[in-house]
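The values are calculated or read from the model by the stated rules, or taken from the named source; none is laboratory data. A quick note: this is a predicted structure, and the numbers were derived from the prediction, not measured. For neighbour counting, all protein chains shown are included, and Cβ atoms are generated from backbone atoms with ideal geometry for every residue, glycine included. SASA here: full protein model, heavy atoms, side chains in, ligands and nucleic acids out. Shrake-Rupley method; radii C 1.70, N 1.55, O 1.52, S 1.80 Å.
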Amino acid sequence: MNINDFQSEIDPEKLPQHIAIIMDGNGRWAKSQGQNRLYGHHNGVQAVRDTVEAAAEIGIKYLTLYAFSTENWNRPQAEVEGLMSLLVATIKGELPTLQKNKIRLQTIGDTQSLPEQTRQELQEAINATEHNDRMTLILALSYSSKWEIVQATQRIAEQVKLGLLAPADINEATINAALSTQNIPDPELLIRTSGETRISNFLLWQIAYTELYFTPIFWPDFRKVDLWQAIWDYQQRERRFGMTGEQIGS
Ligand code: FPP
């Protein structure tokens, strides 16, 4: 199929509600251009714009981007600082576009650990967009799934200690409600760019039945057509949730 056909081949009745993306390959993309890693992150912003726009246009309701992991704090200080300023500048610069397109901004992760200015800028954008209802854009920042599961366990243990919850009553819904994704449906599709085929501590609980899509494209080169191709690929799959093909009527 011609790559430009992917958009027209997408079935609007079978769209994933929620797409999550591990944006990877900024550093290698920059290296291939003989530039430093921050140059790669700066060029990753255009891919973020294209992806957010394409997702909203096609009717995706939730888009989660893994922008900064708990482990990313261990990168060289200059890269961490550069990423934080880029985040602030991008959020500030993109706020009018988010408003115009009725996109709501949310975050998941240990945002308390972010620099003050980043936190403030994020909070302003979250407040300003809270009534937008076309799509929710969730930035995973200082996020890791194991961190989130530890937090959730502590919350549940507190409730048990206070006598509000019996251990035997803890079920999937209790855990869902204690996670930072409590009001967000699980992603049906997870994309990772750059050819790496790992999950890297991202949404481990939430992706139990998610379809995984890996592309060799480095994040700064990811464009609308690449998102369309991933959605098209997802629509060709049979999601059985542990049942047989006959049971789901295929
Ligand atoms: C992974 O590439 C990318 C990141 C850790 C940061 C992603 C951030 C952006 C695209 C900047 C703007 C984002 C938003 C949401 C405003 P890498 O550095 O791990 O690349 P490598 O694996 O090739 O080294």
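Taking the Cα centre of the range 5-108 as origin and charging only Cβ (+1 Lys, Arg; -1 Asp, Glu), how large is the dipole, in debye to the nearest 20?
Working: 11 positive and 12 negative charges, 78 e Å.
Computed charge dipole of the range 5-108: roughly 380 debye.
Please list Asp226, Asp169 from largest to smallest accessible area, probe radius 1.4 Å, with all protein chains kept in place.
In descending accessible area the options line up as Asp169, Asp226.
Could you please state, rounded to a whole Å, how far the C-alpha centre of the range 68-86 is from the C-alpha centre of the range 94-110?
21
Hey, how many Å between the Cα centroid of the range 195-244 and the Cα centroid of the range 123-170?
When both Cα centres are located, 24 Å separates them.
So who's got an amide H within less than 5 Å of the one on Ser144, skipping anything under 5 residues away but keeping other chains? H placed 1.01 Å off N, in plane.
Thr70, Asp110
Could you please tell me the mean projected area of the C-alpha convex hull for the range 98-151, averaged over all directions and given in square nanometres to one decimal?
For the range 98-151, averaging the hull's shadow over all directions gives 3.9 nm².
With the Cα gyration tensor of the range 4-97 giving a ≥ b ≥ c as the square roots of its eigenvalues, does the rule (a/c under 1.5 for rounded; else a/b larger than b/c for prolate; else oblate) give rounded, prolate or oblate?
Values: a/c = 2.16, a/b = 1.85, b/c = 1.17.
Prolate shape, in that a/c is at least 1.5 and a/b is the bigger ratio.
Normalized C-alpha radius of gyration of the range 52-189, against 2.2 N^0.38 Å?
Cα-based Rg divided by the globular estimate yields 1.17.
Helix-derived [θ] at 222 nm for the chain: sum -39500 (n - 2.57) over DSSP H runs of at least 4, divide by residue count, nearest 500?
-13500 deg cm²/dmol
Per residue, what volume in Å³ does the Cα convex hull of the chain take up?
With only Cα atoms used, the chain gives 151 Å³ per residue.
Provide the packing ranking of 116-129, 236-249, i.e. peptides ordered by the mean count of other C-beta atoms within 10 Å per residue, highest first. Before the final figure, lay out each step's value.
Details: 116-129: 15.4, 236-249: 8.7.
The peptides rank, most packed first, as 116-129, 236-249.
With unit charges on the beta carbon (Lys/Arg positive, Asp/Glu negative), name the residue among Met135, Val225, Leu65 whose Cα is farthest towards the positive pole of the charge dipole of the chain.
After comparing all options, I get Leu65.
Over the chain, what is the relative contact order in percent, taking alpha-carbon pairs closer than 8 angstrom and at least six residues apart?
30
Got a sec? Charge dipole of the range 48-138, +1 on Cβ for Lys and Arg, -1 for Asp and Glu; which of Asn101, Ser85, Gln120 is way out at the positive end?
The residue sitting most towards the positive pole is Asn101.
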